[in-house]
Each structure stands twice: as C-alpha cells, then as structure tokens.
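Beneath this line is the structure, given in structure tokens, with notes to follow.
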Amino acid sequence: MGPRLGGVLDRPAGTIEGFRYSRAMKNSKIVWDEKSLDAYLAEPQKLVPGNLMPFSGIADPQKRSDLIAYLGTLK
Ligand code: HEM
C-alpha cells in the first residue's frame, strides 16, 4: 500500500523510484528526519496537506519516538 520505509531517515520525501506518490508528497520538499517524521506521524494531513496516506496519525509522543527509533534501524 505504501512506499518502502527502509532508509527513510535522511531521505527526501516522495523519492522512491517507481512508487506513485501524490503531488502533495512529491512537492512537499521535506527531508525525513526525527523532527519531520514526528510531525508527519502526529498529524499526516497537517504536515503534508492532501497526501494520500490513509492513516490518521499517532497521538502518543512516546509511541512516535519509539517508532521513529525503529524506522532508523531499517536499511
Ligand atoms: C505507523 C504506520 C505508518 C508509518 C510509520 C508510515 C510512514 C510513512 C512515511 C514516512 C511516508 C512518506 C514516505 C516517503 O516519502 O517515501 C508514507 C507515505 C505513504 N504511506 Fe504511510 N505510514 C504508516 C501507515 C500507513 C498505512 C496504514 C498506509 C496504507 C494502508 C500507508 C500508506 C502510505 C501511502 C499510500 C503513502 C504515500 C502518500 C502520498 O504519496 O501522498 N501508510 N508513510
């Protein structure tokens, strides 16, 4: 359903070759780091309005922080 997340830390948004991103994601000019991932995972539609990820976000900051640490281990 979604783009591969291995190596997502430090990657510019919307740049996995062959994945059909929304215009919103491609034009977002975001580079995924701890801060931008935290904002995106808190409220995906607020950081990238109009993006097509069907997920409403994670309210708990500790859960987001744990998840981002995990994403950082994915190659
Ligand atoms: C905790 C769960 C999730 C995390 C951590 C997550 C993370 C992300 C991230 C970081 C991106 C941007 C990727 C990039 O720029 O290459 C993204 C995009 C996307 N995700 Fe998720 N996601 C989650 C849940 C989901 C779910 C449940 C779905 C679908 C059922 C989904 C579908 C998508 C799609 C379609 C995009 C591209 C959006 C667009 O082009 O506008 N994600 N996700």
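Derivation of every value follows stated rules applied to the coordinates shown; laboratory data play no part. Quantities reported herein were computed from a predicted structural model and do not represent experimental measurements. Don't worry about glycine lacking a Cβ; one is built from the backbone with ideal geometry, like all the others, and counts go over all protein chains shown.
Per-structure values
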| item | result |
| --- | --- |
| Single residue of Val31, Val48 found to be out of contact with any helix residue (DSSP H, G or I) (no Cβ under 7 Å at 6 or more places or on another chain) and of a type in the set (Val, Ile, Thr) | Val31 |
| Members of segment 1-18 found to be free of Cβ contacts under 8 Å to residues at least 60 places away in the same chain and near the ligand (Cβ under 7 Å from one of its atoms), listed by number | Met1, Gly2, Pro3, Arg11, Ala13, Gly14, Thr15, Ile16 |
| Residue match in segment 31-45 (condition: crowded, with 16+ Cβ neighbours inside 10 Å and among the β-branched types (Val, Ile, Thr)) | no |
| Matching residues in segment 24-75 - criterion: being more than 9 Å from the ligand (Cβ to nearest atom) and hydrophobic (A, V, I, L, M, F, W, C) | Val31, Ala39, Ala42, Leu47, Ala59, Ala69, Leu74 |
